[in-house]
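Notes follow once the structure below has been shown.
Each reported figure results from applying straightforward, stated rules to the coordinates on display, with no laboratory input. Just so you know, these numbers come straight off a predicted model, no measurement behind them. Heads up, the Cβs are rebuilt from the backbone with ideal geometry, glycines too, and the neighbour counts pull from every protein chain shown.
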Amino acid sequence: MDTASLKKEIIAYSKTIGIDKIGFASPSTFEEMKVRLYRQQELRYQSGFEEKDIEKRTEPSLIFDKPKSIISIALAYPSKMGPKVISKKGERRGIFSRASWGTDYHTVLRDRLKKLEEYIALKMPEARFKSMVDTGELVDRAVAERAGIGWSGKNCSIITPEFGSYVYLGEMITNIPFEPDHPMEDRCGSCNKCVDVCPTGALVQGGQLNAQKCIAFVTQTKGFLAEEFREKLGNRLYGCDTCQTVCPENKGKDFHFHTEMEPNPEIAKPLLKPLLSISNREFKEKFGHVSGSWRGKKPIQRNAIIALAHYRDETAIPELITVMKDDPRPVLRGTAAWALGKIGGQDALEALQHAFSVEKDEEVLQEIRKGLYFFAEKKQG
């Protein structure tokens with residue numbers, strides 16, 4: 001079979017297995033991306049979660065023997081929840097970003113890529129493949145941009161005309177020489193909304209992200225959060241959607257094509273207080289299938305504590321006191337102390353004073369001091 005005919009058949013087949021968009025790209029070096037990544041490294045803007053070898057991230061020939069082309073796929077995900085749950089006094093809720101709604105997108109994309117591999121192998125038995133999602137070496141966005149899936153927006157997401165930036169990306173390197181598709185024209189123009197409203201200024205300029213300041217990254221760290229981030233976190237438990245929700249290209253975009261991606265409101269927007277005492281087993285059973293669980297429960301619990309402080313939820317004071325007194329993890333004890341100071345109240349003050357007299361960890365003591373300082377400030381004010 002000639003590759004032009006095979007390409008048409010692959011495109012047709014992809015639609016039958018739930019691939020919303022597919023494109024084909026040359027496997028040549030991603031020169032522009034390589035320059036940008038080295039600059040990011042120089043500026044220390046990287047998250048540390050990505051593949052560290054920039055050469056492997058930008059040169060397909062280093063990770064695949066004699067590549068001839070790359071197939072890029074995109075799956076659209078929902079931007080709105082169906083049945084809604086309300087955050088109310090005494091029952092405050094946190095929120096997982098849309099990229100953590102439903103089944104972990106890595107699982108969903110790998111399923112589609114595997115089906116695509118099997119189909120191509122039937123048509124062309126000599127075909128070889130290497131498929132990956134964002135945990136692989138290649139930069140998904142660079143591949144998708146070259147393959148004409150969408151353009152690389154100022155918010156550092158691929159934006160498609162059909163689905164906005166609410167798409168998951170995956171790719172497959174192969175030894176089949178498909179005719180490449182053409183990149184799409186950038187449509188961001190003079191719009192700068194995402195850069196202007198980024199809560200922490202992580203979007204340094206259009207298309208350049210300081211991941212160390214990005215809330216989506218910060219929510220996944222495990223240590224104490226810097227004060228500047230605590231104030232910006234709001235009720236976010238995992239990820240941040242601000243740069244997507246303000247994008248004009250995303251206005252009115254909401255697609256529910258894949259049942260695996262449908263959010264369960266009680267998981268996507270869970271009650272905060274129960275998270276403080278959730279066991280490892282309970283956490284895995286409830287949240288283990290979503291992408292936001294990959295770092296374990298500790299970051300989620302820390303973020304839940306900060307969210308309770310954001311709400312000034314006085315009903316959470318008993319739970320926060322328990323965490324400050326009994327949790328074996330200094331980060332949670334200290335963050336709970338800080339939150340108690342933010343929320344205020346006589347019970348919180350007495351608990352902080354007692355904790356200060358018995359706590360041994362210096363970092364936790366520092367957070368207790370902050371909590372007590374908030375009381376002193378209120379008294380003076």
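Grab the alpha carbons of region 215-320, take their convex hull, and tell me the volume per residue in Å³. Present the calculation step by step, with values, prior to reporting the outcome.
On the way: hull volume 13.0 nm³, N = 106.
It comes to 123 Å³ per residue, whole-number rounded.
Rounded to whole numbers, the Karplus 3J(HN,Hα) couplings from phi for region 289-299 are 8, 9, 5, x, 9, 5, 8, x, 7, 4, x Hz, using 6.51 cos²θ - 1.76 cosθ + 1.60 with θ = phi - 60°, and x at Gly and Pro. Taking the Cα atoms of region 196-266, the ratio Rg/Rh between the radius of gyration and the Kirkwood radius comes to 1.01. For region 63-77, backbone nitrogen atoms closer than 14 Å to the point 7 Å from I11 Cα along Cα-to-C-beta are found at 72.
Nearest 20 debye, what's the magnitude of the dipole of the chain about its Cα centre given +1 on Lys and Arg Cβ and -1 on Asp and Glu Cβ? Can you show the working numbers first?
Details: 58 positive and 53 negative charges, 152 e Å.
Value, rounded to 20: 720 debye.
Sort L122, L75, L320 so the one with the fewest other Cβ atoms within 10 Å of its own Cβ comes first. Present the calculation step by step, with values, prior to reporting the outcome.
Working: L122 9, L75 23, L320 27.
The most exposed by this proxy come first: L122, L75, L320.
Isolated cysteines in the chain, defined as those with no second cysteine Cβ under 4.7 Å, comprise C156, C188, C191, C198, C214, C240, C247. Here the peptides 17-25, 76-84 are ranked by packing, the mean other Cβ count within 10 Å, and the order with the highest first is 17-25, 76-84.
Among L209, P318, A147, which residue has its Cα positioned farthest towards the positive end of the charge dipole of the chain, with +1 placed on the Cβ of Lys and Arg, -1 on the Cβ of Asp and Glu, and the dipole taken about the Cα centre? Farthest towards the positive pole: P318. Which of M124, I86, Y105 sits closest to the plus end of the dipole of region 85-134, meaning its Cα is farthest towards the positive end, when Lys and Arg get +1 and Asp and Glu get -1 on the C-beta? Projecting each Cα onto the dipole axis, the largest value belongs to I86.
By the scheme Lys and Arg +1, Asp and Glu -1, what is the net charge of all other residues having a beta-carbon under 14 Å from that of D313?
On the way: positive: K88, K89, R92, R93, K273, R312, K342; negative: E91, E314, E319, D347.
Net charge around D313: +3.
Once the mean 1/r over all distinct Cα pairs of region 305-381 is inverted, what Kirkwood radius in angstroms do you read off?
Values: mean 1/r = 0.0849 Å⁻¹.
Hydrodynamic radius (Kirkwood, Cα only) of region 305-381 equals 11.8 Å.
The alpha carbon convex hull volume per residue for the chain rounds to 151 Å³. Close amide H pairs (under 5 Å, H built 1.01 Å from N) link N264 with G102, residues at least 5 positions away or on another chain. Using the Stokes-Einstein relation with a Kirkwood hydrodynamic radius computed over Cα pairs, the translational diffusion coefficient of region 232-381 at 4 °C and a viscosity of 1.567 mPa s comes to 77 µm²/s.
Fewest first, what order do R230, R333 take by the number of other Cβ atoms within 10 Å? It would help to have the intermediate numbers written out before the result.
Values: R230 20, R333 23.
The order, fewest Cβ neighbours first, is R230, R333.
Apply the a/c threshold of 1.5 to the C-alpha gyration tensor of region 83-210 and tell me whether it is rounded, prolate or oblate. Oblate shape, in that a/c is at least 1.5 and b/c is the bigger or equal ratio.
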